[in-house]
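Enquirer: Pasting a structure below so you can have a look.
The values are calculated or read from the model by the stated rules, or taken from the named source; none is laboratory data. The structure presented is a predicted model; accordingly, all values stated were derived computationally and were not measured. Here the Cβ is made from the backbone with ideal geometry for all residues, glycine too, and neighbour counts use every protein chain on show. With ligands, DNA and RNA removed, areas are computed over all heavy atoms of the protein, side chains included. Shrake-Rupley method; radii C 1.70, N 1.55, O 1.52, S 1.80 Å.
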Amino acid sequence: MSEKAISLHYEIDGNNFTVAGQASSSIKKVLKQLGVAPEVIRKVAISMYEGEINTIIHGKGGVADVTISSESIIIVFKDNGPGIPDIEKAMQSGFSTASDEARELGFGAGMGLPNMKKYSDNMTIESEVGKGTTVTLTVNLQ
Amino acid sequence: MTVKEFAEKNGMHFLSCGETELEISGCYIGDLLSLAMSRVECGNAWLTVQGNVNIAGVAALTEPSCIILVEDRTLDENTETKAKEQGINILSTELSAYDVACRLYEQCQ
Ligand SMILES: Nc1ncnc2c1ncn2[C@@H]1O[C@H](COP(=O)(O)OP(=O)(O)OP(=O)(O)O)[C@@H](O)[C@H]1O
Ligand SMILES: [Mg+2]
């Protein structure tokens with residue numbers, strides 16, 4: 001892979017469930033083209049999908065920025081949604097505040113954040129109630 | 001056994017067609033997307049009752065050989081469109097997930 005970092009930017013529409021997963025499939029294609037190992041692609045695809053969905057259903061939309069370098073893939077999700085009052089609780093498997101509408105669509109297992117933690121090498125959440133949430137994920141390439 | 005062979009042998013029909021000669025290896029049963037996301041493995045048959053468009057999103061990332069929509073559930077219209085666009089195999093059956101899993105176990109060795 002080339003030494004130069006690649007930066008990708010995605011706008012995530014908060015009202016459109018039907019395009020959910022677009023940024024994740026786009027990243028997956030890019031990583032495939034770059035010849036990244038399948039296990040790494042799987043980690044990134046899962047983390048990216050969960051982050052994208054949370055940005056839509058909880059964050060009311062936002063942006064994702066992905067930086068791919070020879071060492072790592074860094075994904076930053078940023079939204080100006082309601083924020084997370086208790087991050088520790090939100091991180092627990094099974095905790096979910098998903099709406100009935102979201103649950104009918106198969107969301108709300110409370111496994112998104114735990115998946116992101118499990119399938120990334122580092123994860124940080126910054127959140128302020130009423131202001132928004134930023135989630136940063138790093139997947140190492142080495 | 002390929003997706004096509006399994007469909008024919010068990011009277012299932014395609015709601016969306018991609019590469020139908022893919023081999024089926026193993027299966028995952030579940031309707032919650034973030035669980036499926038981390039558990040469906042490449043080549044699996046994914047058995048679900050969930051027909052909304054997000055199953056196509058999860059399948060595009062996890063690459064099951066097919067989704068099998070059990071208990072005669074129907075696909076939302078946009079799911080069909082998206083699945084066809086992405087070349088995802090979706091089969092329909094009146095059987096329960098348990099019955100399909102038993103058949104997969106018996107037939108796909
Ligand atoms: N961007 C966000 N803004 C506000 N709240 C969030 C955000 N991301 C997560 N949360 C909160 O954390 C909880 C847990 O998130 P997590 O992704 O683990 O589960 P979920 O989205 O509810 O269900 P699943 O991801 O399994 O479909 C959410 O229900 C929500 O309360
Ligand atoms: Mg989630």
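Enquirer: Could you check how much of the accessible area of the protein assembly as shown is carbon and sulfur, as a whole percent, using a 1.4 Å probe?
Expert: Heavy-atom surface of the protein assembly as shown belonging to carbon and sulfur, 1.4 Å probe: 48 percent.
Enquirer: Let me ask something else about it. Summing both sides, how much accessible area is buried between B and A? Use a 1.4 Å probe and give Å² to the nearest 100.
Expert: Details: alone 5750 and 7950 Å², together 12030 Å².
Summing both chains' loss of accessible area gives about 1700 Å².
Enquirer: Same structure again: Using alpha carbons only, how many angstrom separate the centre of the range B:38-57 from the centre of the range A:1-73?
Expert: 19 Å
Enquirer: Quick check: net charge around A:MET123, other residues with Cβ under 14 Å of its Cβ, Lys/Arg +1 and Asp/Glu -1?
Expert: On the way: positive: A:LYS43, A:LYS117, A:LYS118; negative: A:GLU50, A:GLU88, A:ASP121, A:GLU126.
Net charge in that neighbourhood comes out at -1.
Enquirer: Give me the inter-chain shielding for A:103-115: mean count of other chain Cβ atoms within 10 Å, whole number please.
Expert: Details: counts 1, 2, 7, 15, 4, 3, 9, 3, 8, 4, 1, 2, 4.
Rounded to a whole number, the mean comes out at 5.
Enquirer: Assign unit charges at the C-beta atoms only (+1 for Lys and Arg, -1 for Asp and Glu), then state the dipole size of the range A:6-140 relative to its Cα centre in Debye, rounded to the nearest 20. List each step's numbers first, then the result.
Expert: Numbers: 12 positive and 16 negative charges, 77 e Å.
The calculation lands at about 380 debye.
Enquirer: What does the average come to when, for each residue of peptide B:35-41, you count the partner chain Cβ atoms lying within 10 Å of its Cβ?
Expert: So the per-residue partner count for this stretch is 5.
Enquirer: May I pose another question? Shielding by partners for B:86-99, please: the mean number of other protein chain Cβ atoms within 10 Å of each residue's Cβ.
Expert: Other-chain Cβ atoms within 10 Å of each residue's Cβ, averaged: 0.
Enquirer: Rounded to the nearest 0.05, what FRET efficiency is calculated for B:GLU5 and A:SER69 with R0 set to 51 Å and r the Cβ-Cβ distance?
Expert: Computed FRET efficiency for B:GLU5 and A:SER69: 0.70.
Enquirer: Between the range A:101-125 and the range B:63-109, what's the alpha-carbon centroid distance in Å?
Expert: 24 Å
Enquirer: For chain A, the longest stretch holding no trypsin sites (Lys or Arg not before Pro) located in a DSSP loop with at most 14 other Cβ atoms within 10 Å is which?
Expert: Of all site-free stretches, the longest is A:5-130.
Enquirer: Next question. Going Cα to Cα from B:LYS82, which lysines come in below 26 Å? Please leave out same-chain ones fewer than 8 positions away.
Expert: Partners within reach: A:LYS28, A:LYS29, A:LYS32, A:LYS43, A:LYS60, B:LYS4.
Enquirer: Per residue, how much accessible area does chain B show when a 1.4 Å probe rolls over the protein heavy atoms, in square angstrom? Show your work: numbers first, answer last.
Expert: Values: 4900 Å² over 109 residues.
Here the per-residue accessible area is 45 Å².
Enquirer: Okay, moving on. Any idea which of A:VAL44, A:THR133, A:MET91 is furthest toward the positive side of the dipole for chain A, if Lys and Arg beta-carbons carry +1 and Asp and Glu beta-carbons -1?
Expert: Going by the Cα projections, it comes out as A:VAL44.
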